Amino acid sequence: RDELQWQTVMSEVHAAFGQLDIQVNNAGILALAGSQGVEDTDLEHWRGVQQVNVEGVYLGCRFAVETMKQRGGSIINLSSVAGLIGTPQLFAYGASKGAVRQLTKSVAVHCGRSGYRIRCNSVHPGPVDTSMGHASVPADIRDDRLWRIPLGRFAEPREIANAVLFLASDESSFITGTELIVDGGA
């Protein structure tokens, strides 16, 4: 969420490699406090989640487009199934991931119409077998959530990484502005 840091990183990438081909915007936070409903999420909590999850992705896209527009490339933004459905217990998080979804589509259309040869897509994981994934599904509702996932388990981190790898590769050369949902069929 720090614009100066993004400028520094892009300068370092250009100096070390001469170009940027793939950008994965994967930084994110679930919450700043335990409770996250519409009635108990204060403005500081709301802004903190939006700054990391939305502003960080916006800056990553902005600087990636600037760096890639001469040669093309692929931008992949990590969103969540929480950006596709209502999330009353994760109010700020769900809204931030919905914003990432829309930002991705807008970047994809802008780049396509500008002739930049930059693809921009989002990946929307369901619960992942990580500490953040388990935090998003409290133990008291975990069995119910697993029942709702036809494959009956949380995703393994490598399964999300493989979706990102596909979108970064030439195998997805005609895919832009899409949402790749990786949620075990939920």
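Quick notes on this one:
- For the chain, the longest principal axis of the C-alpha atoms and the axis of helix 157-168 are separated by about 30°.
- Here the chain exposes an accessible surface that is 54 percent carbon and sulfur, computed with a 1.4 Å probe and the other protein chains kept in place.
- Farthest toward positive dipole pole in segment 13-132 [+1 Lys/Arg, -1 Asp/Glu at C-beta], among 86, 13, 45: 13
- Rounded to the nearest 20, the size of the Cβ-charge dipole of segment 79-186 about its Cα centre is 420 debye, with Lys and Arg at +1 and Asp and Glu at -1.
- Listed peptides 75-88, 32-45 by packing density, highest first (mean Cβ within 10 Å): 75-88, 32-45
- Relative contact order (%) - criterion: Cα under 8 Å, at least six apart; region: segment 43-173: 25 percent
- Checking every one of the trypsin sites (Lys or Arg not before Pro) in segment 7-86 against DSSP loop status and a limit of 13 other Cβ atoms within 10 Å picks out 71.
- Charged side chains reduced to their Cβ positions (Lys and Arg at +1, Asp and Glu at -1) give the chain a dipole of some 640 debye around its Cα centre.
- Mean-position separation - Cα centroids, segment 43-65 and segment 115-186, in angstrom: 20 Å
- Per-residue SASA entry for residue 68, accessible area with 1.4 Å probe, Å² rounded to 10: 0 Å²
- Remark on the chain: hydrodynamic radius 17.1 angstrom, per the Kirkwood mean of 1/r across alpha carbon pairs.
- Positive-end ranking of 33, 176, 23 along the dipole of the chain, with charges on Cβ about the Cα centre, is headed by 176.
The values are calculated or read from the model by the stated rules, or taken from the named source; none is laboratory data. Computed from a predicted structure; not experimentally measured. Ideal geometry is used to build each Cβ from the backbone, glycine not excepted, and the neighbour counts take in all protein chains shown. Note: areas computed on protein heavy atoms with side chains; ligands, DNA, RNA excluded. Shrake-Rupley method; radii C 1.70, N 1.55, O 1.52, S 1.80 Å.
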